[in-house]
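Some notes on the structure that comes next.
The values are calculated or read from the model by the stated rules, or taken from the named source; none is laboratory data. Model, not experiment: these values are computed from the prediction. Cβ placement follows ideal geometry from the backbone for every residue including glycine, while neighbour counts extend to all protein chains displayed. The accessibility values were calculated without ligands, DNA or RNA, using every heavy atom of the protein model including side chains. Shrake-Rupley method; radii C 1.70, N 1.55, O 1.52, S 1.80 Å.
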Amino acid sequence: MNIVIIGAGGHGKVTLDILQYSSSVKVIGFIDDEDSHDKVINGVPVLGDVAALPRLIQEKRIEGGIIALGNRKVRAALFEHLKEMGLKPVNAVHPRAVIAKTVRMGDGVMIAAGAIINTDSVIGDDVIINTGATIDHDNMIGDHVNIQPGGNLGGAVTVKAYTEVGIGATVIQNISIGEGSTIAAGAAIISDVPDNVTVVGVPGRIIRVDKPE
């Protein structure tokens, strides 16, 4: 399957590296609204911006894609746009990630090297489980969530849609984290977190209520 990566930054480079282990897809290019369209990243060209995709789909016989951007709302909008254009959202799962057989996973998911996802967890659409993150048993990870490198979630944790768990943050078991919230790097979450807040510190405390987008 010929595919493109939406986003030519650092996350795009990591996603490319993961996909190059796969024999079922061929990354023929990056799509990026800001980066130079004559740029080549690790042998793969930046083909154009999102507006050029309808033409490129025909010219390059593109069948699928994956979103490699950090902004959760932008990612979600582009995820839907890909589907509207008839492209299949593909998963990028590093061969050195450890994923239990009973894990259920959506579409457009990126799981980086060293990540661990334990039994009976559910991963939604367009989720990033980044380098070395751990997701213990019976977690529910909503659509468009970003678990940053080294984030650690205990058993039976729920992370609702559009939320980010920062680098090295820790969430104890049986916690629910609301939609659209941000858990700062290194925070320790020991109680439930509501929607649309930013939480920092050890133990975690709310420092800001964010306006829903």
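Laid out as a table, the results:
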item	result
Count - residues of the stretch 50-79 that are open to solvent by 80 Å² or more (accessible area, probe 1.4 Å), charged (D, E, K, R) and within 22 Å of the chain's Cα centre (by Cα)	1
Subset of the stretch 151-160 (residues that are surrounded by fewer than 24 Cβ atoms within 10 Å (Cβ to Cβ) and either in contact (Cβ under 8 Å) with a residue 60 or more places away in the chain or in a strand (DSSP E or B) (or both))	ASN152, THR158
Filter result for the condition that a residue is modelled with pLDDT of 95 or more, among the small types (Gly, Ala, Ser) and touching a Pro at 6+ places or on another chain (Cβ under 8 Å), over GLY142, GLY124, GLY180, GLY155	GLY180
Subset of the stretch 161-186 (residues that are polar (S, T, N, Q), open to solvent by 30 Å² or more (accessible area, probe 1.4 Å) and assigned to a loop (DSSP other than H, G, I, E, B))	GLN173, ASN174
Search result, residues across the stretch 187-211 that are open to solvent by 40 Å² or more (accessible area, probe 1.4 Å) and under 20 Å from the mean Cα position of the chain (by Cα)	ASP195
Failed criterion for LEU47 (all others in (1) surrounded by 20 or more Cβ atoms within 10 Å (Cβ to Cβ); (2) of a type outside the set (Ser, Thr, Tyr); (3) within 22 Å of VAL171 (Cβ to Cβ); (4) over 17 Å from the mean Cα position of the chain (by Cα) hold)	(3)
Conditions (1) open to solvent by 10 Å² or more (accessible area, probe 1.4 Å); (2) out of contact with any helix residue (DSSP H, G or I) (no Cβ under 9 Å at 6 or more places or on another chain); (3) among the β-branched types (Val, Ile, Thr); (4) touching a residue at least 12 places away in the same chain (Cβ under 8 Å): number failed by VAL40	(4)
